[in-house]
Amino acid sequence: MSSNPLRRVPLIERYRPFLPVSEKTPVISLAEGSTPLLKANRLSERLGLNVFLKLEGLNPTGSFKDRGMTIAVSKGAEEGATAVICASTGNTSAAAAAYASRAGMRCIVIIPKGKIAAGKLAQALTHGARVLAVDGNFDQALDLVRRIVENYPVQLVNSINPYRIEGQKTGAFEIVDALGEAPDYLCIPVGNAGNITAYWKGFREYHDAGKCSSLPRMTGFQAAGAAPLVEGHPVEEPETIATAIRIGNPARGDEALAAASDSGGLIEAVTDEEIIGAYRLVASVEGTFCEPASAASIAGLVKKAGEGHFKQDSTVVCVLTGHGLKDPDTAISTGPEVTSAPPDFDQVIKLLKL
Ligand SMILES: *Cc1c(COP(=O)(O)O)cnc(C)c1O
């Protein structure tokens, strides 16, 4: 391993002893992971907590999906796969397309029509994926993909692929490595429920390895219009502005519920209004632009803090799962208007109310 601090070490190299790789596994990497854990000073002060933001949007394709994809595609390459496939609300397809291109594999992506943020679609197409948009929701897209891989030699890279979970658990390792201990709480958005499952696995493995002496309470948040784990049954027509978590029947729902209950945490819902409020708040007071789904963790943090849920001065890590630039349309349509101005000094000054 290089000790050059300017080299971002591939996640597989950094955490090799904890990962299902061997010397024979080709390392298909875009230098993912090693993302910043930023202290949110103003949120901390406001809420009476020690709030940290895990900036997963700073991964190579702009979301945490890269952590899982480096392992899934590397293992696929080791096993001789020449093509990968996924159903996606967007970020999985962006990551799959990028890592497949890196590995010299074909990539097939099945997305729900019209519900993919512009940046994510741009990524999948530009990396050369074959993109099919089905007239249906994510859950239907995933059913199609499951049937395709049963019948054709393509590697599935959705988070039902266990290698995805193995990669994504390294987010938990990094948090412990950065804090020197596990946080008291982890706030995380929940869609298909792979990531909360992965973080919980990561914290437990690190705990067993003696890297931390406690475990966080896993505090997951779904969007109110797509909250099957809160309602206790699948949601036929999930609806939310946070398209990355617009999922009505999470593949790892049982594991997510177990993570919440085993850790003394919870899974609750936040409304789109709360999500957009949190999205604008974290961008305006912490300089951190995340995508709407990511802001579900902040919305949950603010809501539960308002209810007095967290012990004063607790350490809370919010996982900001994807970058705000993924979804410029939502940023612009929910934001303030641009003011037009003539090219005239006095009028510009007047408009600026300086
Ligand atoms: C995939 C994704 C999620 C949801 O993660 P799950 O593992 O499906 O629960 C949340 N936020 C963003 C930005 C995502 O891309």
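Pairs are defined by a Cβ separation below 6 Å, a sequence spacing of at least 6 or placement on different chains, a first member in region 191-208 that is away from the ligand (no atom under 16 Å from the Cβ), and a second member that is at pLDDT 95 or above and of a type in the set (A, V, I, L, M); the pairs so defined are Y206/V176; H207/L215.
Against the test of being over 18 Å from the mean Cα position of the chain (by Cα), part of a loop (DSSP other than H, G, I, E, B) and of a type in the set (V, I, T), the options V230, V235 yield a single qualifying residue, V235. Annotation: A226 fulfils all but one of (1) within 15 Å of the ligand (Cβ to nearest atom); (2) farther than 23 Å from P183 by Cβ; (3) touching a residue at least 40 places away in the same chain (Cβ under 8 Å); (4) among the aliphatic types (A, V, I, L, M); the unmet one is (3). For region 278-297, a tally of residues being within 12 Å of the ligand (Cβ to nearest atom) and of a type in the set (A, V, I, L, M, F, W, C) returns 4. Within the span defined as region 71-86, one or more residues are in contact with a Leu (Cβ under 8 Å, 6 or more places away or on another chain) and either farther than 27 Å from K113 by Cβ or of a type in the set (D, E, K, R) (or both).
Listed by first and then second residue, the pairs linking a residue in region 83-103 that is under 21 Å from P250 (Cα atoms) to a residue that is crowded, with 24+ Cβ neighbours inside 10 Å and among the acidic types (D, E), with Cβ atoms under 8 Å apart and 6 or more places separating them unless they lie on different chains, are A95/D66. Of all the numbered requirements in (1) within 12 Å of the ligand (Cβ to nearest atom); (2) of a type in the set (G, A, S); (3) outside any helix (DSSP H, G or I), G264 misses one, and that requirement is (1). Would you check if there is a residue in region 67-89 being modelled with pLDDT of 95 or more, among the hydroxyl-bearing types (S, T, Y) and in contact with a strand residue (DSSP E or B) (Cβ under 6 Å, 6 or more places away or on another chain)? For region 67-89, residues modelled with pLDDT of 95 or more, among the hydroxyl-bearing types (S, T, Y) and in contact with a strand residue (DSSP E or B) (Cβ under 6 Å, 6 or more places away or on another chain): absent.
Summed over region 43-74, the residues that are buried (at least 24 other Cβ atoms within 10 Å of the Cβ), among the basic types (K, R) and away from the ligand (no atom under 16 Å from the Cβ) give a count of 0.
Inclusion of E23 among residues that are without any contact (Cβ under 8 Å) to a residue 12 or more places away in the chain, charged (D, E, K, R) and more than 16 Å from Y199 (Cα to Cα) is warranted.
The values are calculated or read from the model by the stated rules, or taken from the named source; none is laboratory data. Only a predicted model underlies this, so the values are computations on that prediction, with no experimental measurement involved. Don't worry about glycine lacking a Cβ; one is built from the backbone with ideal geometry, like all the others, and counts go over all protein chains shown.
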